[in-house]
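The block underneath contains the structure these notes are about, expressed in structure tokens.
The values are calculated or read from the model by the stated rules, or taken from the named source; none is laboratory data. Source: prediction; values computed, not measured. Quick note on the areas: whole protein, heavy atoms, side chains included, nothing else; ligands and nucleic acids left out. Shrake-Rupley method; radii C 1.70, N 1.55, O 1.52, S 1.80 Å.
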Amino acid sequence: MSSLLEVRDLTVMYRGRGRRKDKVALEGVSVSLNEGETLGLVGESGSGKSTLGNTVLGLVKPERGTIRFDGSDIAGLTGAARRKLSTQIQAVFQDPYTSFNPHRTIEQSMGETLANSPPMSRGEKRARVVAMLDRVGLDSSALSKFPAQFSGGQRQRISIARALLPEPRLVVCDESVSALDLSVQAQILNLLLELQRERGVAYLFITHDLSVVRHMSTRIAVLEHGKLIEQGDAAGVTDEPSQPYTRRLISASLSADSELQRDRRSTRRAMTRLAADATGDRSKRADEVLRTLEHQAVTEVFAQPVPQSRALALPLSRGIAGVADVDGVTALRAAVLELAPRTAEAMTPAAMLTLVQEARARKCSALISRGQSGVLYGRIRDLAVAIETGDRARALELVGSFDEPLEPSPHPNGARAGAHTIESQA
Ligand SMILES: Nc1ncnc2c1ncn2[C@@H]1O[C@H](COP(=O)(O)OP(=O)(O)OP(=O)(O)O)[C@@H](O)[C@H]1O
Ligand SMILES: [Mg+2]
């Protein structure tokens, strides 16, 4: 029996514009999925999971390779032929807040998925929508409501109902539960499993969370930097991974943290923007990168199963005193650019935080001569204390507050008031 989905030697490239380099997001990837089964696709942020899903959905064009669905190559399909396929291949994305048009009722949004199905009367259409909503635990009062009137979990139920409405044979689930609370996640995952048993639909199940994927999948494929490095039955890959990368993914998922993933993703985006921005205000961009890096570093530190605070030798005084005569912005830019490739390799959080702190300290140096060193130094010191004492909320709050006093304050008392707040909260 041939597979429902057969991806062969798929290479996908994002073309760079201007001075931006081309990016190979997938390289020679081959995976397959049988009718009614689930292929879990895992890998760290940026490994190419969504790119694979989006290529199957026809949202991204492959450079090379074939995607066979039910025996025919769908990689090059466009226009009407592609739209026709939407009755067979559907998607449920991560964010139930952005996947609906806020100005359309649930009935309108769901009805759209039937646009390419055989024609039916309005009454028939409504009956099918109501039955599908009922199946995911919502009653017909949902029809006339707008997306904003539902919780995240309810909205994700509606996304699933919408995807399954045309009775597709394949659903691409891209981080479909990652934005939900753990208890809601479990309900949605079980709903997906029940619907699969009832309807025999196949899932391409994309997630960064290995504990979730094992629960859902028949087989698992592991991506690293756009390459398929491991593939096998779900229990085998999770219990006896053959690759060190998969082992690392598994230990990282013990502290699976969607906040962490969000931070890593925004760091990557900020860095991409910095790299792309040849003409704009690079110092502002560098600042943005530094902020996201700081946030990520703190989140990483606290995501460790065992606090690593002892390993943090923050070279704060050295950082500040040693570069006090350097122009802050130039130094910051250099520091951030130097950080960029290193964060791409999995750095230890402690090392990353140290580097970030150095960058911050170099930026601070420009202000020391303006008489604000007390406030800045106080905040960096407080951050170190918050990390040492395991106070995650405080550490993140401090990171968020770093930028406030960095511009020269028009009111000399402003900086004072800031310092006071820090002291009294410490
Ligand atoms: N539209 C785009 N243009 C340029 N590069 C892109 C584009 N989309 C993704 N990329 C790059 O391709 C690589 C793979 O991205 P992709 O979104 O597939 O990763 P992912 O595994 O889904 O990550 P995440 O877990 O964060 O969702 C990344 O380096 C990303 O920056
Ligand atoms: Mg993704």
Would you mind working out the accessible area per residue for region 5-252, using a 1.4 Å probe, and quoting it in Å²?
47 Å²
Which residues qualify? For residue 13, with a placed amide H closer than 5 Å and at least 5 residues away or on another chain, they are 25, 63
In the structure displayed, which of 61/125; 61/145; 23/84; 21/84; 84/125 lie more than 27 Å apart, Cα to Cα?
61/125; 61/145; 23/84; 21/84
In Hz, Karplus ³J(HN,Hα) per residue of region 166-175 (6.51, -1.76, 1.60; θ = phi - 60°; x = Gly, Pro)
x, 6, x, 9, 9, 10, 8, 9, 9, 6
